[in-house]
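What follows draws every value from the coordinates through simple rules; no lab data is involved. Here the structure is a predicted model, which is why all the values come from computation and not from measurement. Virtual Cβ from ideal backbone geometry, glycine too; neighbours counted across all protein chains shown.
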Amino acid sequence: MDSPTTKVRSWNEWDPLEHVIVGRADGTMLQAPEPAVQPDWPEYGFPAGVFGPLPEEIQEVASERLEAFADLLIGRGIRVDRPALMEFDQPSSTPDWRQETMFGCASPRDVLLTVGEEILEATMSFRSRWYEYLCYRPLLERYYREDSAFRWEAAPKPRLTGGSYKPDFFREWHSLTPDEQWRRTEESDWIVTEKEPLFDAADVVRFGRDLFVQRSMVTNRAGVDWLRRHFPRHRVHEVSYRELLPWHIDATLVPLRPGFVLVNPERPAIQEAHDQLFRRNGWEMVKAPRPARTEAMPFCTCSLWLSMNCVSLDPKTVCVEASETPLMDLLDSHGFEVLPVPMFEVSPFGGGLHCVTADVFRHGELEDYFAVQIPGF
Ligand code: ABU
């Protein structure tokens, strides 16, 4: 049988998906503490300072879920690649720091940003994820060999010294009143400083010529600016939402076809121009229903709004977490074919259906969905 030849290209979140990377849960760690992450799960045997592999039984279920999802995609004719595992329990270091463990590779969306013929390795902002790009290198090397038009890029690796994080951020955060916390939210005043560009790929959502980039606990303004300079043909919109300790945009702003975007009703945009841009260009902003789940999985650092973290197979077909009946009903009423996919058990490994995938090829061209722009946004 001929081996498949690769073509890298994806401009948005909804064009027909033909080739995708699906993450793996095996070996994922509850990572050792570091400035940006301080796990503390005493109720599950991991109080602050204790770290190690996530329990085997939850790893097994998560791996089964990811395997079944990959099979579903393959069954629909989509090519699926998987990352190479590393020994995530090993320490890693640079001349600036030593980190006792890595994390895992269940969420390729966090690391890889596909924009057109380019796949960009994000800087990442956790020391435990600094080397995660290596899990994708065998795939990226192969794409580079097979597709002469593939632009393989890596953002500048950050130093991640103490100067990249506000000292004592978490202690101070927990001492604030709710009003003070919401004020910090208005200012996007999060743990990362502006010392160097930092971003996770999952803080970017792609709408053809327009990229929305969220400032968050892992993405700073310098990171947004770096992306703006790196993609001069695009319009990069810096956005923030009323959310405490935000981490990735893909449970907040989820476009499913041209003119239709799911928005999170608990996380309104801070910039007025955000909603104006959608409305002036005729987009329907549809509020996602409340998540069906009421309790998160042990070790899950994501919100229950992972309910919105769905992935489109084409502008008419969307994969939704299997327990999220309210969202499935809503999308059904808007004319989508909805595929229920069990994925809740993967949440302790970093995310939902969108997080566990990274586009390699979606059939479509670069288009402008926002002919009317808002000056200064
Ligand atoms: N990585 C997706 C997490 C988003 C959220 O918890 O809302």
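Points worth noting:
- For the range 17-362, the dipole from Cβ point charges (+1 on Lys and Arg, -1 on Asp and Glu) about the Cα centre works out to 1160 debye, to the nearest 20.
- Counted over the range 242-337, the DSSP beta bridges are approximately 60% antiparallel.
- Separation of the residue 159 and residue 5 label points, Cα + 7 Å toward Cβ, nm: 4.6
- Counted residue by residue at 0.36 nm each, then reduced by the alpha carbon distance between them, the extension gain from residue 144 to residue 242 reaches 31.3 nm.
- Summing charges over neighbours of residue 267, with a neighbour being any other residue whose Cβ is under 14 Å away from its Cβ, gives -2 when K and R count +1 and D and E count -1.
- The trypsin sites (Lys or Arg not before Pro) found in the range 162-243 that occupy coil by DSSP, while having at most 11 further C-beta atoms within 10 Å, are 233.
- Whole-angstrom gap from the range 202-221 to the range 258-275, using each part's C-alpha centre: 13
- With R₀ set to 25 Å, the beta-carbon distance separating residue 195 from residue 270 gives a calculated FRET efficiency near 0.60.
- Cβ-based net charge around residue 235, under 10 Å, with every Lys or Arg adding one and every Asp or Glu removing one: +1
- Free-standing Cys residues across the chain, given no other cysteine C-beta under 4.7 angstrom: 300, 302, 310, 319, 355
- DSSP H segments from the chain that extend 20 Å or more along their own axis, Cα-based, with Kyte-Doolittle mean of 0.0 or above: 56-75
- Compared with the alpha-carbon gap, the fully stretched path from residue 168 to residue 74 is longer by 29.2 nm at 0.36 nm per residue.
- Nearby lysines by direct alpha-carbon distance to residue 195 (threshold 24 angstrom, same-chain neighbours under 8 apart not counted): 157, 166
- Our note on the geometry: Cα centres of the range 88-106 and the range 299-352, 31 Å apart.
- Take the Kirkwood radius over Cα pairs of the chain, plug it into Stokes-Einstein at 4 °C and 1.567 mPa s, and you get 62 µm²/s for translational diffusion.
- Among beta bridges from DSSP that stay inside the chain, the antiparallel ones total about 60%.
- Most tightly packed first, judged by the mean number of other beta-carbon atoms within 10 Å of their residues, the peptides 144-153, 354-363 read 354-363, 144-153.
- Charge context of residue 143, other residues only, Cβ under 13 angstrom, K/R +1, D/E -1: -2
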